[in-house]
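My questions all concern the structure below.
The values are calculated or read from the model by the stated rules, or taken from the named source; none is laboratory data. Treat the numbers as computed from the prediction; the structure is a model and nothing was measured. Please note: Cβ atoms are built from the backbone with ideal geometry, for glycine as well, and neighbour counts cover all protein chains shown.
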Amino acid sequence: MINLLWAGMIVISIIVAAINGEIENITPLIFSSAENAVTIVLGLISILVFWLGIMKIIEKSGFIRIIIYFLRPLAHWLFPGVPRNHQAMSAILMNMGANLLGMGNAATPFGIKAMKELQSLNSNPDTATDDMCTFLALNTASFTLVPTTIIALRAAAGAQNPADVIGVTIAATFCSATAAILSDRFFRYFYRHKKRRQIFIRK
C-alpha cells in the first residue's frame, strides 16, 4: 500500500509539472532530492547511534522495569480481558514502556508479540477482540517522552536546537493517546449497547 501511495504521488507530480510546463525541472529535482536524502541519512547515523545507546543503557539498567511497574495499573484498566500474569500483558507493558522512552525499534517486536499473544486469547480468530483494538489504537498514538527519531531528523537537517520539540511532542502525543483511549472506550460502549439492543429485539 505504501509503495502504491508513493508511486501515485510521483505520477501526479509529473502530470502536474507537465500541465504547468515545468517538466524540464523534474530531472534536476530528482537528483538534488536524492543527494539531500543521502546527506540526511548519513547525518542520522551518529545521532541515532547515540540515542539508541542511551536507550540501551536505560533498558539494561532496569529503569524501563520501573516505568513498567508504574504502567501496570493503567494497562490492567485498558485491557480488562487480558489476565494479569499472561504473556500478552508482559508484551503490552514492554511495548508501552519502549514507546514511552522513544525506543521505536524495541517497541515493534514487543508489539508483534503482544498481538500474537492477544490472538491466542481470541475465541473468534477471524475478528479482532476489544483488547486487540485498544492495543492497536494505543500503539499507533503512543505517548512519548523522548522523540528520538524526530530529534535525530532535526539535527541532521541542521536545526540549531533539535531537542526543542520534546515539549511539543509530549503535549501532542498525550493528546493523541487520550483521544485514542476515549475513542476506544466510546466505540466499546457503542458496540456493546448495539449488541444488547439486537439481543433485546430478538427476544
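Taking segment 128-178, which residues are under 27 Å from Lys116 (Cα atoms) and of a type in the set (Gly, Ala, Ser)?
Listed by number, the residues that qualify are Ala128, Ala137, Ala141, Ser142, Ser176, Ala177.
Follow-up question, since we're still on this one. Which ones in segment 7-24 are surrounded by 10 or more Cβ atoms within 10 Å (Cβ to Cβ), of a type outside the set (Gly, Ala, Ser) and part of a helix (DSSP H, G or I)?
Taking segment 7-24 as the starting set, the residues that turn out to be surrounded by 10 or more Cβ atoms within 10 Å (Cβ to Cβ) are 7-18, 22-23.
Now drop any that are not of a type outside the set (Gly, Ala, Ser), which leaves 9-12, 14-16, 22-23.
Within segment 7-24, Met9, Ile10, Val11, Ile12, Ile14, Ile15, Val16, Ile23 qualify.
I need every pair where a residue in segment 119-142 that is among the small types (Gly, Ala, Ser) and modelled with pLDDT under 85 has its Cβ under 7 Å from the Cβ of a residue that is part of a helix (DSSP H, G or I) and surrounded by 16 or more Cβ atoms within 10 Å (Cβ to Cβ), sequence separation at least 6 or different chains.
Ser142/Asn99; Ser142/Thr173; Ser142/Ala177
Quick check, is Ile150 without any contact (Cβ under 8 Å) to a residue 60 or more places away in the chain and closer than 19 Å to Ile40 by Cα? Before you say what the answer is, go through the steps one by one.
Details: without any contact (Cβ under 8 Å) to a residue 60 or more places away in the chain: yes; closer than 19 Å to Ile40 by Cα: yes.
So Ile150 fits the description; yes.
Would you call Phe143 within 30 Å of Leu42 (Cα to Cα) and among the aromatic types (Phe, Trp, Tyr)?
On the way: within 30 Å of Leu42 (Cα to Cα): yes; among the aromatic types (Phe, Trp, Tyr): yes.
So Phe143 fits the description; yes.
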